Amino acid sequence: MRSRYICLTTEANGKRGSSVLKMEVREENTADAGQGHKWESLSHWELDQRLDRAVEEMIEADLVAQVQEQMTSVLMQASQQEDSEPPDEAEKATPQQSESRTAVQESASQRSHDTEAMEANPTVQYVTNFLQSSSASKNRLSGRARRSLSHTVLLSLTLLSKCITYRSVCSRFHLEKGNLYRIFSTFCDQVIAQKDRLIQWPTGQEALQHLLPFSCWLSRNEALEESGLPRVLGVLGDTRIPIRLPTGKPDRESDTPVAKRPKNQPHPDSWLNLELVCNDEGRFIYCHISKGSQKDRGRALAERIRQNPEMVPPGTCLIAGVGYPLTEQILTPFPPGQNPQENLYNRSVGNHLDRIHQAVADLKERFQKLRYLDMGNYDKAKAVVLAACVLHNVYLDMGDVTKGLVERSTPEDMEEVNKDAAGVKMRETVVNLLYSTLEAAPQ
């Protein structure tokens, strides 16, 4: 029988401290009762997986050997000094040897602790299984260390969920900074590849399951709905993600002349606009990221709905804050209300807006890296933010409960923009229905 197998070996490449991984494919001829078997060649994905596993085993064996060698050397030196030196000198040398031995033991203990944390952390295991179930996981993760997917998820979630520096993560996981950049960037790309799978606009029966009554003090009333009172499909809102101001020549389209921008006003390119729509569970069903200089709030979504009116079926609507376009499908509050009818309407709208504020607070609590991204590159910063939004929905699917503190900022004086006739008419209908229902209610 002719069999093929893969042999992984290392050979020196002429440079000190480096080696080359060589893959050999060998063939052997053996007899097998007069029958021959033809082995199929490995696929690229299987070959990558076996290659990664072999390299990881080599690295792990090398680290273990180094630790054992250092510990053996320390113990031998301590033993020799105890036998040859006078008691006083031996006592002086013992603390130094003890410190060296302790450092080696702590390094080995840290590696063991990281492995135990990875195995015991249900979030790491859930995200790892989620990525493994996708086709994108078949692409080998970049990075010189060639870490396993579970290790990559652990260090990436550590970096994303805490306000810590790359240097501290490199120190903990024994990585070079450039290597950590590549691993984290590839992790974000793999998560983003699942965006359409996780951040989906609801349709059909799914949309009906998440509809809410327009006012919290009104249960579902078919008579009011037939009269024109819509139910709420989702809530539209936005937040700013601070980033490091890009270096180099500013963008002419986004740069405001210094003479026109107050000194206390930050540069518009020092943050990203994150626009979200959440449903009744705080799950994101829409996500749009733009530069801080782009001020057309909600225009992209409004245009998308105009081209695809089935996104917001008749009898439903979206709720948004002041500054968003007022349309038949997107209802906004009055800025501010001028009479009891408008104030009643604004209170009902405000209750829904609290939902998107809480969802944004939960997002920033789960992924504290979003409080400030030390990145001057727009595309890289956008990838991190988008990956966090996708993972937000993954955490909800996992059953994670995280409540962030809602930031109560002073409301800006905004004027209504882009009001169309259908939107104004729809809002007036809702105002009249709410107030007439309140007046007819028994006291």
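Odds and ends about this structure:
- Checking each residue in region 179-205 for being among the aliphatic types (A, V, I, L, M) and either within 12 Å of Ala383 (Cβ to Cβ) or in a helix (DSSP H, G or I) (or both) picks out Leu180, Ile183, Val191, Ile192, Ala193, Leu198.
- Evaluation of Ala300 against (1) within 16 Å of Thr429 (Cβ to Cβ); (2) surrounded by fewer than 20 Cβ atoms within 10 Å (Cβ to Cβ); (3) among the aliphatic types (A, V, I, L, M) (one fails), failing number: (1)
- Looking only at region 184-214, and only at residues there that are free of Cβ contacts under 8 Å to residues at least 12 places away in the same chain and not hydrophobic (A, V, I, L, M, F, W, C), the one that is surrounded by the most Cβ atoms within 10 Å (Cβ to Cβ): Glu206
- Only one entry of Arg304, Arg297 meets the criterion of being within 30 Å of Asp397 (Cβ to Cβ) and without any contact (Cβ under 8 Å) to a residue 40 or more places away in the chain, and that entry is Arg304.
- Helices (runs of 4 or more DSSP H) wholly inside region 338-443 that include at least 3 residues being under 18 Å from Leu276 (Cβ atoms) and within 16 Å of the chain's Cα centre (by Cα): 340-366, 378-398
- Any chance Ile164 is modelled with pLDDT of 95 or more and surrounded by fewer than 21 Cβ atoms within 10 Å (Cβ to Cβ): no
- Some residue of region 393-404 being at positive phi, out of contact with any helix residue (DSSP H, G or I) (no Cβ under 8 Å at 6 or more places or on another chain) and not aliphatic (A, V, I, L, M): yes
- For region 242-259, the count of residues that are at pLDDT 75 or above and buried (at least 16 other Cβ atoms within 10 Å of the Cβ) is at least one.
- Residues located in region 272-294, provided they are of a type in the set (D, E, K, R) and assigned to a strand (DSSP E or B): Glu275, Lys291
- Candidates in region 357-383 are the residues that are surrounded by 21 or more Cβ atoms within 10 Å (Cβ to Cβ), out of contact with any helix residue (DSSP H, G or I) (no Cβ under 6 Å at 6 or more places or on another chain) and among the aliphatic types (A, V, I, L, M); of these, the one that is farthest from Asp280 (Cα to Cα) is Ala381.
The values are calculated or read from the model by the stated rules, or taken from the named source; none is laboratory data. Keep in mind it's a predicted model, so treat the numbers as computed, not measured. Every residue, glycine among them, receives a Cβ derived from its backbone with ideal geometry; neighbour counts consider all protein chains shown.
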